[in-house]
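K.L.:
Here it is, the structure in full.
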Amino acid sequence: MHKLAQLDRRYVWHPFTQMRDWLRREPILIVAGQGAVLRDTHGREYLDANASVWTNLHGHNHPKINAAIRGQLKKIAHSSALGLANEPASLLAQKLVEAANQLNAERGTRNAEFPAGVPLAPPHSAFRTPHLNKVFFSDNGSTAMEVALKLAYEFARRTGRGQKPKFLSLAGAYHGDTVGAVSLGHIDLFHKAYAGLLFKSDKVMSPYCYRCPFNRAKPERADARDYRRCNWECVGKVETKFAAQKKRGNPYAAMVVEPLIQGAAGMIPQPAGWLRRVAEIVRGNGAQLIADEVMTGFGRTGIPSTINDQPSTSLFACHQEGIQPDFLCLAKGLSGGYVPMAATLTTQEVFDAFLGEYEEFKTFFHGHSYTANQLGTAAALASLQILQGPASVRARQLLEHTLREELKTVWSSPNVGDIRQVGLMVGVELVRDWRTREAFGLRERAGTRVCEAMARRGVLTRPVGNVVVLMPPYCTTPVQVRRIVEALRDALREVFGKFPRARNRASGPRTLA
Ligand SMILES: Cc1ncc(COP(=O)(O)O)c(C=O)c1O
């Protein structure tokens, strides 16, 4: 065993990892990365098929981000945001505000009317498009959520919406691992043990078409959203929740959603129109909308050619449904996957609720030592610049298309129940038999076994339960995508047995680069 691996096994405690399993074998220990390829201590190469847990955007060792960090390092690595401003943080805040308000800019108006032609869930209400012009920096996705939660809580109290503001989030939600973020989460396996530490938040069914009890469609070899038969009961449930909470005299302060797709819940995509309808209900009830775009932000949900029939290059998932949240929470891809870095964007209205004379103590008493760190903000500025360039747009379009085409070959496995692609993200749900949708028990570790078999074929990703996640960096080439999907097919055969070969397009060169 490599001596670094020995040190790891002796001293390091890994996140979300049963360490007894970990200690049974030599870990893959990464020493270098280039583009979509990671290299380990033994010189073996792997494709980074989940972008290092959904963080990396443009590939590893990107010359422009490297240069931005090196350039910043020559000046200063870090000074505190408590009492001091700094150069890249000021510049980044401006760029984030511009990007976050692209929807408003494209509409050419604030407080635009709800787009015509979309059937709305009653009650109808003015469809606000809040202007997000304040940026609170922090360190990771959990802290971005924690900041939104505390701001929304206190905003609701200070504006008279109730002394004990309540929050609504989706079944299966995951918003991070700090105590506030865990309180918004609804994954028993992760969260139940800490119930005594948490505040209570409500949950409502998520629009999980593949396993929706209201979907009357028989299984087909297609994304369940495309052949579902329902009456939007999931939206009705949101309405009922809001109505019931209002009746109790304590209307919800905010609803928290991952727009377009829930990640750690199991890569659960929302059918088109769900977010619009839900936002309408949230706003109709005077509540705020908190968009957790920790995973979905920065182009992961694909390139919308139009939003509300207007051409668009928005980087955020909620804009694809024409929705502007009151809080936009960003992390993971913010620094291109280089440095821990997060931001919570919100409105002037929320900001103003914290203004006052010093002795009124209306200050937002929250912050972290590394808030607005210069290396992180410099990396983020470079990453945004790359994202907004035409080469990145082309690469993302190609990646989305190639993934879609290649994944068609995976349907021939009887153990694939659903393949859900949203832009550059994919969840492949494994089942005992696609005709019955029968799920594997968690103890069978179906997702883990498939991912381990993929790793033996030089492709790294992690499952979410029985769902294999593919989310490669944007620089991943068509040949590399073919290698990823080929590894998935071969892993399915190794774990579950042979299945008919569909059109096999994995005929490119064997090299990973
Ligand atoms: C949607 C979402 N929100 C929040 C988080 C928490 O982010 P972090 O792990 O950076 O704390 C995650 C992490 O996976 C996430 O997927």
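K.L.:
Looking at (1) buried (at least 16 other Cβ atoms within 10 Å of the Cβ); (2) away from the ligand (no atom under 16 Å from the Cβ), which is the only condition residue 177 fails?
P.N.:
Residue 177 satisfies all of (1) buried (at least 16 other Cβ atoms within 10 Å of the Cβ); (2) away from the ligand (no atom under 16 Å from the Cβ) except (2).
K.L.:
Regarding segment 314-336, can at least one residue be identified that is surrounded by fewer than 24 Cβ atoms within 10 Å (Cβ to Cβ), on the phi < 0 side of the Ramachandran plot and within 13 Å of the ligand (Cβ to nearest atom)?
P.N.:
There is no residue in segment 314-336 that is surrounded by fewer than 24 Cβ atoms within 10 Å (Cβ to Cβ), on the phi < 0 side of the Ramachandran plot and within 13 Å of the ligand (Cβ to nearest atom).
K.L.:
Considering every residue within segment 276-284, establish whether at least one is free of Cβ contacts under 8 Å to residues at least 24 places away in the same chain and surrounded by fewer than 23 Cβ atoms within 10 Å (Cβ to Cβ).
P.N.:
No, segment 276-284 contains no residue that is free of Cβ contacts under 8 Å to residues at least 24 places away in the same chain and surrounded by fewer than 23 Cβ atoms within 10 Å (Cβ to Cβ).
K.L.:
Does residue 376 qualify as being in a helix (DSSP H, G or I) and open to solvent by less than 40 Å² (accessible area, probe 1.4 Å)?
P.N.:
Yes: the conditions hold for residue 376.
K.L.:
Looking at residue 197, is it open to solvent by 10 Å² or more (accessible area, probe 1.4 Å), more than 13 Å from the ligand (Cβ to nearest atom) and under 28 Å from residue 336 (Cα atoms)?
P.N.:
No: the conditions fail for residue 197.
K.L.:
Filter segment 381-396 down to the residues that are polar (S, T, N, Q) and either more than 24 Å from residue 70 (Cβ to Cβ) or open to solvent by 40 Å² or more (accessible area, probe 1.4 Å) (or both) and list them by number.
P.N.:
Listed by number, the residues that qualify are 385, 388.
K.L.:
Another question, if that's okay. Just a yes or no: is a residue in segment 339-347 closer than 19 Å to residue 232 by Cα, away from the ligand (no atom under 11 Å from the Cβ) and touching a Lys or Arg at 6+ places or on another chain (Cβ under 9 Å)?
P.N.:
No: segment 339-347 contains no residue that is closer than 19 Å to residue 232 by Cα, away from the ligand (no atom under 11 Å from the Cβ) and touching a Lys or Arg at 6+ places or on another chain (Cβ under 9 Å).
K.L.:
Going by the conditions given, is residue 65 touching a Gly at 6+ places or on another chain (Cβ under 7 Å), modelled with pLDDT of 95 or more and either open to solvent by less than 80 Å² (accessible area, probe 1.4 Å) or not hydroxyl-bearing (Ser, Thr, Tyr) (or both)?
P.N.:
In short, yes.
K.L.:
Still on this model: Of the residues 328, 315, 381, which is in a strand (DSSP E or B) and at pLDDT 95 or above?
P.N.:
328
K.L.:
Would it be correct to say that residue 493 is open to solvent by 50 Å² or more (accessible area, probe 1.4 Å), among the basic types (Lys, Arg) and out of contact with any strand residue (DSSP E or B) (no Cβ under 7 Å at 6 or more places or on another chain)?
P.N.:
Answer is no for this residue.
K.L.:
Okay, next question. Can you find even one residue in segment 71-81 that is closer than 28 Å to residue 393 by Cα, of a type outside the set (S, T, N, Q), modelled with pLDDT of 95 or more and surrounded by fewer than 20 Cβ atoms within 10 Å (Cβ to Cβ)?
P.N.:
Yes, because at least one residue in segment 71-81 is closer than 28 Å to residue 393 by Cα, of a type outside the set (S, T, N, Q), modelled with pLDDT of 95 or more and surrounded by fewer than 20 Cβ atoms within 10 Å (Cβ to Cβ).
K.L.:
Among the residues of segment 166-197, write down those that are in contact with a helix residue (DSSP H, G or I) (Cβ under 7 Å, 6 or more places away or on another chain), of a type in the set (Gly, Ala, Ser) and within 16 Å of residue 266 (Cα to Cα).
P.N.:
Correct list: 176, 185.
K.L.:
On to the next question. Under 6 Å by Cβ, and 6 or more places apart or on different chains, what pairs join a residue from segment 58-72 that is under 22 Å from residue 39 (Cα atoms) with one that is in a loop (DSSP other than H, G, I, E, B) and open to solvent by less than 30 Å² (accessible area, probe 1.4 Å)?
P.N.:
What qualifies is 58/336; 58/474; 59/36; 59/473; 65/336.
K.L.:
Sticking with this one: As an exercise: evaluate residue 484 against (1) closer than 28 Å to residue 395 by Cα; (2) modelled with pLDDT under 95 and give the number of the one condition it does not meet.
P.N.:
Every listed condition holds for residue 484 apart from (2).
K.L.:
Which condition from (1) within 15 Å of residue 223 (Cβ to Cβ); (2) under 24 Å from the mean Cα position of the chain (by Cα); (3) open to solvent by 10 Å² or more (accessible area, probe 1.4 Å) is the one that residue 411 breaks?
P.N.:
(2)
K.L.:
From the residues in segment 267-289 that are within 16 Å of the ligand (Cβ to nearest atom) and touching an Asp or Glu at 6+ places or on another chain (Cβ under 7 Å), which one is farthest from residue 318 (Cα to Cα)?
P.N.:
Looking at residues that are within 16 Å of the ligand (Cβ to nearest atom) and touching an Asp or Glu at 6+ places or on another chain (Cβ under 7 Å), I get 289.
K.L.:
Which of the residues belonging to segment 448-463 are farther than 18 Å from residue 33 by Cα and among the β-branched types (Val, Ile, Thr)?
P.N.:
448, 450
K.L.:
Which of the following residues is closer than 20 Å to residue 278 by Cβ and within 16 Å of the ligand (Cβ to nearest atom): 189, 170?
P.N.:
170
The values are calculated or read from the model by the stated rules, or taken from the named source; none is laboratory data. Since we're looking at a predicted model, the values are computed, not measured. Glycine gets a Cβ as well: all are built from the backbone with ideal geometry, and neighbour counts include every protein chain shown. In case anyone asks, the SASA skips ligands and DNA or RNA and just uses the protein heavy atoms, side chains included. Shrake-Rupley method; radii C 1.70, N 1.55, O 1.52, S 1.80 Å.
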